[in-house]
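Please read the structure below before turning to the comments.
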Amino acid sequence: MEHYDFTNFSKTREDLIDGKYSAQDLCAFYLKKATNEDSYNAFLEVFSESALELAKGVDESIKSGSTGRLAGAIIGIKDNMCYAGHKVSASSKILEGFESLFTATAVQRLIDEGAIIIGRLNCDEFAMGSSNENSAFGNVKNPLNETLVPGGSSGGSAAAVAAGLCMATLGSDTGGSIRQPASFCGIVGLKPTYGRISRSGLIAFASSFDQIGPMTNSVEDSQLLYEVMAGHDPMDSTSAHKPIGEGATKDKYTFAYLEEVSESPGLNPEIKAQFENKLSKLREEGHNVIGVSFPYLDHMIPCYYVLTTAEASSNLGRYDGVHYGVRSPQSEDIPSTYFNSRTEGFGEEVKRRIMLGTFVLSTGYYDAYYSKAQKVRRLIKDATDKILEGADFIISPTTPHPAFKIGAKSDDPISLYLEDIFTVQANLAGNPSLSIPMGQTSEGLPTGVQLTGGSFEEKVLFRGAKILS
Ligand code: GLN
């Protein structure tokens, strides 16, 4: 196979059933691409052998007439998801040499429907970042302009889809890590409702925020991957038992925009203009567009960074040179093992967050920071739900700016944290949220529009996304 024009998963599946080509041919084609054409540093490893093995199984399933819904779907996974017998590192030196002992439920569900996992993708270390510059294995380049970041933390996952190195990828989103890179690379990214997709096998960053989600070329493919992965999993006690409903279908929907977002001084003027155009178009089509006040915009980033660093400092306690990964050769006793392994194994940003998190949880500061932030989170959740009582969706630009230059913000963590201003609300509140392409700037850079819906209303969210696309 010399060339393959991917349209969507259903078409690929049909073509396989019609015998136009085999899953093994398709897999070999993409393996070659991911190996030879990845000038972006998106893939950390290509799983050639196991991918061909899976493809063989798919070809057999087609012969026996038991073709899965994702037959022949060539998928890459972010390097923070376990896949038995394969390395996983969360793009950190501290997990060097570590191999997964089991497969993440989300990944297994894709495989069970005929998907072929072709490799693991670069990301910010432990998913902490917005530019993929915090990876221990080098930054990722944006395929649309190689001098720019692809966004983060799922930067490799976004770049691989945008560059056509695979058909779709999985990312994880704690504060925007699926939607922001999707927006920077011109693709579709979904963060499902907290609890909708199992976190079993996802390397934890901030457990009450993390969600796995699809990064795809189209809304249609996003929905299919979502449907395959969603649902209760006994391996994750926070995964919801709620059935995956259809949600109400309406002719006309209500889109609420946050006045504070539209008036935000940091919003790039081109993005602002495109966003206003979107709203006008929705009005012309007869949808309801309402402006609502959301007085917590300025509190979201502090609240998010207090809570996620607290959770991260606790989650990352397990990387101590004893239980996982590397042990410093300088280790002589327990304290020096912990101290040196962690000093050598973690990167700067991860250390910064562990220290910040330890601080906000420490005696004397717990009430002032951690408890306070929990209360602010509740206010944000209640205000979000209230808006969604009077509207089907909250609509906003996904990010305040388009992709920026590699290195432009690397020595200014606060300005990087501010990149998440529009995305963290959905994680603080737990609601589903997706980013789809909105347009292009005068420099040809993609921009994204974000829709956030009611909890467990992903199907409605996809309808909204189709209206917008
Ligand atoms: N950029 C955010 C952070 O650095 C989001 C990360 C994420 O969603 N994993 O925390």
Selection count where residues are out of contact with any Gly (no Cβ under 9 Å at 6 or more places or on another chain) and farther than 26 Å from G189 by Cα, scope segment 60-102: 6
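Tell me, yes or no, whether segment 264-275 has at least one residue that is charged (D, E, K, R), touching a strand residue (DSSP E or B) at 6+ places or on another chain (Cβ under 7 Å), part of a helix (DSSP H, G or I) and more than 19 Å from T452 (Cβ to Cβ). Please lay out each step first, then the result.
Of segment 264-275, the ones charged (D, E, K, R) are 270, 272.
In the following step, the residues that additionally are touching a strand residue (DSSP E or B) at 6+ places or on another chain (Cβ under 7 Å) were identified as none.
No - not one qualifying residue is present in segment 264-275.
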Quick check on segment 152-208: of everything there that is over 12 Å from the mean Cα position of the chain (by Cα) and on the phi > 0 side of the Ramachandran plot, which residue is farthest from the ligand (Cβ to nearest atom)? G164
Meets criteria (more than 16 Å from the ligand (Cβ to nearest atom) and touching a residue at least 60 places away in the same chain (Cβ under 8 Å)) for Q425: no
In segment 311-361, what count of residues is obtained for those that are part of a helix (DSSP H, G or I) and either small (G, A, S) or at positive phi (or both)? 8
Do we find that S64 is open to solvent by 40 Å² or more (accessible area, probe 1.4 Å) and small (G, A, S) in this structure? yes
Only residues in segment 1-14 that are under 11 Å from D221 (Cα atoms) count as the first member; pair them with residues that are open to solvent by less than 30 Å² (accessible area, probe 1.4 Å) and among the small types (G, A, S), Cβ under 6 angstrom, at least 6 apart or cross-chain, and list the lot. N8/S218; F9/A73
Pick from segment 404-418, criterion within 20 Å of Y305 (Cβ to Cβ) and charged (D, E, K, R), ranking: modelled with the highest pLDDT: K409
Limited to segment 35-91, what total is found for residues that are within 22 Å of the chain's Cα centre (by Cα), within 27 Å of L144 (Cβ to Cβ) and small (G, A, S)? 7
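Looking only at segment 302-340, count how many residues are of a type in the set (V, I, T), within 16 Å of the ligand (Cβ to nearest atom) and open to solvent by 20 Å² or more (accessible area, probe 1.4 Å).
Of all residues in segment 302-340, those of a type in the set (V, I, T) come to 306, 308-309, 322, 326, 334, 337.
Subsequent filtering for residues that are within 16 Å of the ligand (Cβ to nearest atom) retains 306, 308-309.
Filter once more, keeping what is open to solvent by 20 Å² or more (accessible area, probe 1.4 Å): 306.
Result for segment 302-340: 1.
Given the criterion of a type in the set (D, E, K, R), within 14 Å of L190 (Cα to Cα) and open to solvent by 20 Å² or more (accessible area, probe 1.4 Å), identify the matching residue among E389, E457. Even if it seems obvious, please write down each step before you answer.
Working: E389 fails: within 14 Å of L190 (Cα to Cα).
None of the others qualify; the one that does is E457.
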Filter result (more than 15 Å from the ligand (Cβ to nearest atom), touching a Phe, Trp or Tyr at 6+ places or on another chain (Cβ under 8 Å) and open to solvent by less than 30 Å² (accessible area, probe 1.4 Å)) within segment 349-383: I380, A383
With the first residue restricted to segment 393-412 and required to be closer than 21 Å to V289 by Cα, and the second required to be acidic (D, E), Cβ contacts under 8 Å at 6 or more apart or on different chains are T399/E419; P400/E419
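Quick check on this structure: which one of G345, G325, G390 is at pLDDT below 95 and not aliphatic (A, V, I, L, M)?
Values: G345 fails: at pLDDT below 95; G390 fails: at pLDDT below 95.
Checking each option against the conditions leaves just G325.
The values are calculated or read from the model by the stated rules, or taken from the named source; none is laboratory data. What you see is a predicted model; the values in this text were computed from it and never measured. Backbone-built Cβ (ideal geometry, glycine too); neighbour counts: all protein chains shown. Ligands, DNA and RNA are excluded from the accessible area calculation, which covers all protein heavy atoms including side chains. Shrake-Rupley method; radii C 1.70, N 1.55, O 1.52, S 1.80 Å.
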